[in-house]
Amino acid sequence: NYYYGLFAWNSGTIQNLNVINANIDCDGVSYIGGIASVNEGNINQCSFDGSVSVSNDVGDIAGIVGRQVNGGTVKHCKNKAQIKATTQDCDYLGGIVGFNEYGFIRDCVNEGEIIGNSQIGGIAGENYRTASIINCENIGHITGNEYAGGISGAAGVLEKDKKEIKYCINIGKIE
């Protein structure tokens, strides 16, 4: 099983949805999101509160969307949950989106603690290819072994990619 979230795959619109006191505990499952596992649609004014705990070679994990693709958009969303990898083989953890590829994140806030191995970010674990993070804020504590950041753990490596991170602020501790 590769998808774990309230919605496995969103290609429509999810709006005004607040998930409260949710606990997700997964072993060996990728694409984990408190609202949607994978998003290629629109998610607007949603929040996730509770906890996400993962282990054993997983990736693309976040409070709102595990993996965002094909122009997916997350706007005005908030994560209040702790996102935690309990083993060292778990990567791409974010407060809002785990792996943002060809997606847009705007006006979002992370208040949750994010703990993982590599590519760990308050807003996105990885901002990859043509992807944007605009006007977002991280307040949560970020802990990672490599590529840990308040906004994004990593931001792609190809010069031709049009990645964009602007008007963002981090006030959370980064370790």
TODO: Say whether the condition of being assigned to a loop (DSSP other than H, G, I, E, B) and among the aliphatic types (A, V, I, L, M) is met by at least one residue in segment 132-149.
DONE: yes
Task: Pairs, first without any contact (Cβ under 8 Å) to a residue 40 or more places away in the chain and part of a strand (DSSP E or B) in segment 67-86, second open to solvent by 30 Å² or more (accessible area, probe 1.4 Å) and among the small types (Gly, Ala, Ser), C-beta under 9 Å, six or more apart - done: Gln82/Ser51; Gln82/Ser53; Ile83/Ser51; Ile83/Ser53; Lys84/Ser51; Lys84/Ser53; Ala85/Ser53
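So that you can scan it fast, the table gives a plain yes or no per residue for (1) open to solvent by 20 Å² or more (accessible area, probe 1.4 Å); (2) among the basic types (Lys, Arg):
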| site | (1), (2) |
| --- | --- |
| Val38 | no, no |
| Gln45 | yes, no |
| Val58 | no, no |
| Gly63 | no, no |
| Lys75 | yes, yes |
| Thr87 | yes, no |
Open item on the list: Report every pair of residues separated by at least 6 positions or lying on different chains whose Cβ atoms are under 8 Å apart, first residue within segment 92-116 and of a type in the set (Val, Ile, Thr), second surrounded by fewer than 24 Cβ atoms within 10 Å (Cβ to Cβ) and not in a strand (DSSP E or B).
Closed with: Val109/Ile139; Ile114/His141; Ile114/Gly144; Ile115/Gly144
Open item on the list: Can you tell me which of (1) crowded, with 21+ Cβ neighbours inside 10 Å; (2) over 11 Å from the mean Cα position of the chain (by Cα) is the one Asp107 doesn't meet?
Closed with: (1)
TODO: Return the total of residues in segment 30-59 being β-branched (Val, Ile, Thr) and closer than 17 Å to Ile115 by Cα.
DONE: 4
Open item on the list: Please determine whether any residue of segment 111-131 is at pLDDT below 95, open to solvent by 40 Å² or more (accessible area, probe 1.4 Å) and closer than 23 Å to Ala8 by Cβ.
Closed with: yes
TODO: State whether the residues of segment 18-35 include one that is modelled with pLDDT of 95 or more, out of contact with any strand residue (DSSP E or B) (no Cβ under 6 Å at 6 or more places or on another chain) and open to solvent by 10 Å² or more (accessible area, probe 1.4 Å).
DONE: no
TODO: Select from segment 150-169 the residues that are more than 14 Å from Ile96 (Cα to Cα), open to solvent by less than 70 Å² (accessible area, probe 1.4 Å) and part of a strand (DSSP E or B) and list them in ascending order.
DONE: Ala154, Glu164
Task: Complete set of residues in segment 5-55 that are under 15 Å from the mean Cα position of the chain (by Cα), part of a strand (DSSP E or B), closer than 14 Å to Leu93 by Cα and of a type outside the set (A, V, I, L, M, F, W, C) - done: Gly33, Gly34, Ser37, Ser51, Ser53
Open item on the list: Would you confirm, using the coordinates I've provided, whether Asn1 is modelled with pLDDT of 95 or more, open to solvent by 30 Å² or more (accessible area, probe 1.4 Å) and over 14 Å from the mean Cα position of the chain (by Cα)?
Closed with: no
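For segment 132-169, which residues satisfy the criterion of being of a type in the set (A, V, I, L, M) and at pLDDT 90 or above?
Taking segment 132-169 first, the residues of a type in the set (A, V, I, L, M) are 133-134, 139, 142, 148, 151, 154-155, 157-158, 165, 169.
The answer is Ile133, Ile134, Ile139, Ile142, Ala148, Ile151, Ala154, Ile165, Ile169.
The values are calculated or read from the model by the stated rules, or taken from the named source; none is laboratory data. Because the structure is a prediction, the values reported are computed rather than measured. No Cβ is skipped: glycine too gets one built from the backbone with ideal geometry, and neighbour counts run over all protein chains shown. Calculation scope for accessible area: heavy atoms of the full protein, side chains included, ligands and nucleic acids excluded. Shrake-Rupley method; radii C 1.70, N 1.55, O 1.52, S 1.80 Å.
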